[in-house]
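Just below is one structure, and these are the notes that go with it.
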Amino acid sequence: MATIYDVARAAGVSPASVSRVLNRPTTVSEALRQKVLAAIDELDFSPRAEAVARARLGIKTIAVVAPFSSHAAASRRVAGIVSAAQRENVEVLLYDHPSATISGDAVLSTIPVRGRVDGVVVVSLPLDAPTAARLLARHLPTVLLDTSHPQFPSISTDDEVGGRLAAEHFLEMGHTFLGFLGESTVQATSPSSRRWRGFSSAFESKGIDVQAQVLRVDSGPDDAARVAVSMLTRPEAPTAIFASDDDRAAAVLQAAATLGIEVPRELAVIGFDDSPVARILGLGTVRQPLEQSGEFAARMLLRLLENKPIPQIPTLRVELISRRSSGASRHAVQGDRADSRDDERPERQETLMFGMRECRRCLDTSAMSSMSRHSCRRCPENRPR
């Protein structure tokens, strides 16, 4: 069995450097980290003492890697994971990540070889090829949430449908020049990119020239308001903007207020997530099941750890919530009515899948995949009266 000294010799570094890569990966350079990881992979090295000690105690520990400090949606997904894990007395190690658009994170790339966790949930982060290969080679159970990879089980939201819902709403309202404010990314699989694909495809399906009729602008986490001002001060400014998340949509509302643009008479705005800020600001948005998706991911990982089969998880659906900023619509669920109906749902309903709390509609497993109003006859709100 290889030791830390064997790894150091193979990598041409000191044992202390190997230790830093394993224990404090964010403090070393990318070049050193990759050199040590290559030696670890070649020698199949694994620090086993702590894992053995934990196994003797019967304690399960899972790692959750997510951009929870910079993305409100990821934070709510993590809350669902932690809630489900706590009910099963499973320890959770949280690792923050700066962005949902960057892969190859130092922590994520070293988790498989550190031997400290029994499983991993990766939230809203693209999984690069070397990390995926390392997770598979170490047989470390892994579930992906709001991201995907062909070799790992995943749970995702239908972001493209959400984008189409926003576009169809704007077209119904008669808007002819629109804007999309997304997240700066080079990843075609990021949530922002998927929402843009859905948004733009709605226009393409109606024969509308996306290049001529839709202004796409991306922003970082701190300059969304500035970018929104630049969108609204163009000679031909959009009369409706779809933002890839509620924070960016709130920045659009801020920019409109600064410029004296009246919402929704002169500008309609729709976000994504249905965060608390959306309800406070009267922001139209696309609602997705954030906390529930985290609970599903945790339950799926726990089944993998117990060597139990996991059911196929359908893509979680979304619904358009119409509030003041989006303008009226015949088809969107009206915000005040939707919110009040949420409050009226039973607090505890158990789903047949995983034996966990469901999306508060009924006991039918099909309801898990539908956050829109569905026609399930078992649901109390749909039974004939």
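Please work out which one of (1) within 21 Å of Glu319 (Cβ to Cβ); (2) under 25 Å from the mean Cα position of the chain (by Cα); (3) not polar (S, T, N, Q) is the condition Pro264 fails and give its number. That leaves (2) as the condition not met. Being within 29 Å of Leu144 (Cα to Cα), assigned to a helix (DSSP H, G or I) and not aromatic (Phe, Trp, Tyr) holds for only one residue in Ala256, Ala251, Ala225, Ala278, and it is Ala278. Evaluation of Phe242 against the conditions (1) within 20 Å of Glu319 (Cβ to Cβ); (2) among the hydrophobic types (A, V, I, L, M, F, W, C); (3) in a loop (DSSP other than H, G, I, E, B) shows that the sole unmet condition is (3).
Does region 130-144 contain any residue that is assigned to a strand (DSSP E or B) and either under 14 Å from the mean Cα position of the chain (by Cα) or at pLDDT below 90 (or both)?
Scanning region 130-144, I find at least one residue that is assigned to a strand (DSSP E or B) and either under 14 Å from the mean Cα position of the chain (by Cα) or at pLDDT below 90 (or both), so the answer is yes.
Residues that are assigned to a loop (DSSP other than H, G, I, E, B) and either modelled with pLDDT of 75 or more or out of contact with any strand residue (DSSP E or B) (no Cβ under 8 Å at 6 or more places or on another chain) (or both) within region 100-129 comprise Ile102, Ser103, Gly104, Gly115, Arg116, Val117, Asp118, Ser124, Leu125, Pro126, Leu127, Asp128, listed in sequence order.
Here the condition is being surrounded by fewer than 19 Cβ atoms within 10 Å (Cβ to Cβ) and either modelled with pLDDT under 95 or farther than 16 Å from Pro264 by Cα (or both); of Arg299, Arg330, Arg317, Arg287, it holds for Arg330 alone.
The values are calculated or read from the model by the stated rules, or taken from the named source; none is laboratory data. None of the values given here were measured: they were computed from a predicted structure. Cβ sites come from the backbone with ideal geometry, for glycine too, and all protein chains shown count toward neighbours.
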